[in-house]
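Peer 1: Let me begin by handing over the structure; questions about it come next.
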Amino acid sequence: MTTPFLATPASWPAILLGRVKALEANPWDLDAAVRAGAFEGLKAAVRTGATGTIAEVGASGLRGRGGGGYPTGDKWRAAASSAAEQRYVIANGYGADPATQIDAALLAADPWSVIEGLVIAAFAVGATEAYLIVRGDDTALATRLVAAVAEAEEAGFIGDDVAGSGHRVNVIVRGLQGSYMLGEETVLIRALEGRRAAPDQRPPYPTERGLWDRPTVVNNILTLAAVPWILKNGAAAFASVGAPDAPGTALVQLRGPGGAGIAEVPLGTPLGDIASLAGGAGGRPLKALIVGGPTGGFLPADALGTPYAFAPLRDAGAHMGSGSIVIADDRACVVDLARLLTRFSADQACGKSIPCRIGLRRLSEIADRATAGTTRAGDAQLAADLSHDVGASALCDHERTATLALASVLRYFRSELDDHMLRSTCPAGVCTPIAVAAGAASRGASA
Ligand SMILES: Cc1cc2nc3c(=O)[nH]c(=O)nc-3n(C[C@H](O)[C@H](O)[C@H](O)COP(=O)(O)O)c2cc1C
Ligand code: SF4
């Protein structure tokens, strides 16, 4: 079942989904997309030239939507200035979070914005080959994208003479299938090369030594989809949307008792405003927002004013991650949910670095014991120490974020954790066989 797009206030600009209405009848209709403005950004980029295009993207303040928030202009500049005969651009549409469909939804609603952004990136950094990566299990989407790329090539937007620039860009669509880690850029590069997929130590960053050891830009597809709008409307227009240090919009996928769907939100929007797009907690008391997907953090109800942007989320103990926001009401047990997420993160860790491999496993076991009523003396302190130490010794970014679930429960829901650990009680009545607190109004009480 496809995830619906949610209605947003008319005052919120639509940068990523602006053409979706015009393409509603057939998102794969290139002529309709062109009538609605597709490839005007590419033409503007060609007029501006490669260096000017990088400068424009840099001036817009666009930051990567793949989780890290790295400035896109800086990334492109680094790749363009690395001496090499060949450079590559990779659009990361792998969508590693198995519960989030943002990438597939965007590609299915307006594939042209991603294709156009990818071609502009290749033109700007001097790459003649550009890869569009999607999930290998969605063969229908990959097949449609291959046809769309062929059509765009026929129309002169891709190929030997991109939009009359004299520049060659080939676009190759690849479906890749693997674990959660495959979304990480160095793993993605290895997989594309046909090598065993495991993260590489950075530096050197892919912009210096990436695909087949050549300078490579890896960008999330949302990042790339914003680029045509920037080139068409100007860096200043983009910079005026969202938060000063995080301009533009992002797609979030909301799930909760009040509803579910994907929405385009200006960065910096308070979490409470975003949650209400999907009906908030559906009339029940809100307990937590789980922000960032499987490696996200649990934020309490009094954090609803937190702006949805890189720094405020990091300071609050969460991150944008996959763009997922789960709304949990009073029936949810945050300790149990954090246990599930920590187990997922431990299972996905590739094992290359010991603090991550062992540390996440130990954290997962502590959470297991908390929900089973078998907590050992010192578990809470050990969880606090491991959450800090594992994250602080990161080899890849998984290590940095995989501890957020338990760390944020320790920070905001300590009394509920203590109920589990010290009193063998689950206030929400979810965790069995441990005791259910008196008065718990929960689906779990009868589970
Ligand atoms: C475990 C893990 C999974 C990731 N999965 C994705 C993903 O599915 N899609 C994505 O764009 N970035 C993912 N990233 C981030 C990428 O490594 C990389 O930073 C990103 O694609 C760069 O694009 P951006 O600069 O546009 O954000 C993941 C990172 C980690 C550590
Ligand atoms: S930090 Fe974890 S996931 Fe990343 S390379 Fe090390 S073991 Fe693998």
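The values are calculated or read from the model by the stated rules, or taken from the named source; none is laboratory data. All values reported here derive from a predicted model rather than from experimental measurement. Positions of Cβ are generated from backbone atoms using ideal geometry, with glycine treated the same way; all protein chains shown enter the neighbour counts.
Peer 1: If TYR94 satisfies every condition in (1) more than 26 Å from GLY293 (Cα to Cα); (2) within 16 Å of ligand 2 (Cβ to nearest atom) but one, which is the exception?
Peer 2: Of (1) more than 26 Å from GLY293 (Cα to Cα); (2) within 16 Å of ligand 2 (Cβ to nearest atom), only one is false for TYR94: (1).
Peer 1: Which of the residues that make up region 163-186 are under 23 Å from VAL146 (Cα atoms), assigned to a helix (DSSP H, G or I) and either within 16 Å of ligand 2 (Cβ to nearest atom) or touching a helix residue (DSSP H, G or I) at 6+ places or on another chain (Cβ under 6 Å) (or both)?
Peer 2: Once the filter is applied, which keeps residues that are under 23 Å from VAL146 (Cα atoms), assigned to a helix (DSSP H, G or I) and either within 16 Å of ligand 2 (Cβ to nearest atom) or touching a helix residue (DSSP H, G or I) at 6+ places or on another chain (Cβ under 6 Å) (or both), region 163-186 yields ALA163, LEU182, GLY183, GLU185.
Peer 1: Anything in region 133-162 that is in a helix (DSSP H, G or I) and of a type outside the set (Val, Ile, Thr)? List them, or say none.
Peer 2: ALA140, LEU141, ALA142, ARG144, LEU145, ALA147, ALA148, ALA150, GLU151, ALA152, GLU153, GLU154
Peer 1: Being near ligand 1 (Cβ under 7 Å from one of its atoms) and not hydroxyl-bearing (Ser, Thr, Tyr) is the filter here; which residues of region 70-92 pass it?
Peer 2: LYS75, ASN92
Peer 1: Do we have ILE325 as over 23 Å from SER11 (Cβ atoms) and either modelled with pLDDT of 95 or more or out of contact with any Pro (no Cβ under 6 Å at 6 or more places or on another chain) (or both) here? Lay out the reasoning, then the answer.
Peer 2: Working: over 23 Å from SER11 (Cβ atoms): no; either modelled with pLDDT of 95 or more or out of contact with any Pro (no Cβ under 6 Å at 6 or more places or on another chain) (or both): yes.
No; evaluated as a whole, the condition is false for this residue.
Peer 1: Here is a further query. With region 302-412 as the region, which helices (runs of 4 or more DSSP H) entirely inside it contain at least 2 residues that are crowded, with 17+ Cβ neighbours inside 10 Å and either within 16 Å of ligand 2 (Cβ to nearest atom) or acidic (Asp, Glu) (or both)?
Peer 2: Here the list reads 334-348, 354-372, 379-392, 397-401, 404-412.
Peer 1: Filter region 281-320 down to residues that are of a type in the set (S, T, N, Q) and more than 15 Å from the chain's Cα centre (by Cα), then give me how many there are.
Peer 2: 1
Peer 1: Another one. Any idea which residue in region 187-207 is nearest to TYR70 (Cα to Cα), counting only those that are within 14 Å of ligand 2 (Cβ to nearest atom) and part of a loop (DSSP other than H, G, I, E, B)?
Peer 2: Looking at residues that are within 14 Å of ligand 2 (Cβ to nearest atom) and part of a loop (DSSP other than H, G, I, E, B), I get ARG202.
Peer 1: List pairs: first residue in region 169-197 and farther than 11 Å from LEU211 by Cβ and within 10 Å of ligand 1 (Cβ to nearest atom), second residue assigned to a helix (DSSP H, G or I) and of a type in the set (Phe, Trp, Tyr) anywhere in the structure, Cβ distance under 9 angstrom, at least six positions apart or on different chains.
Peer 2: Between residues of region 169-197 that are farther than 11 Å from LEU211 by Cβ and within 10 Å of ligand 1 (Cβ to nearest atom) and residues that are assigned to a helix (DSSP H, G or I) and of a type in the set (Phe, Trp, Tyr), the close pairs are TYR180/PHE344.
Peer 1: Specify which of the listed residues (LEU404, LEU360) is closer than 23 Å to ILE290 by Cα, touching a strand residue (DSSP E or B) at 6+ places or on another chain (Cβ under 7 Å) and within 14 Å of ligand 1 (Cβ to nearest atom).
Peer 2: It is LEU404.
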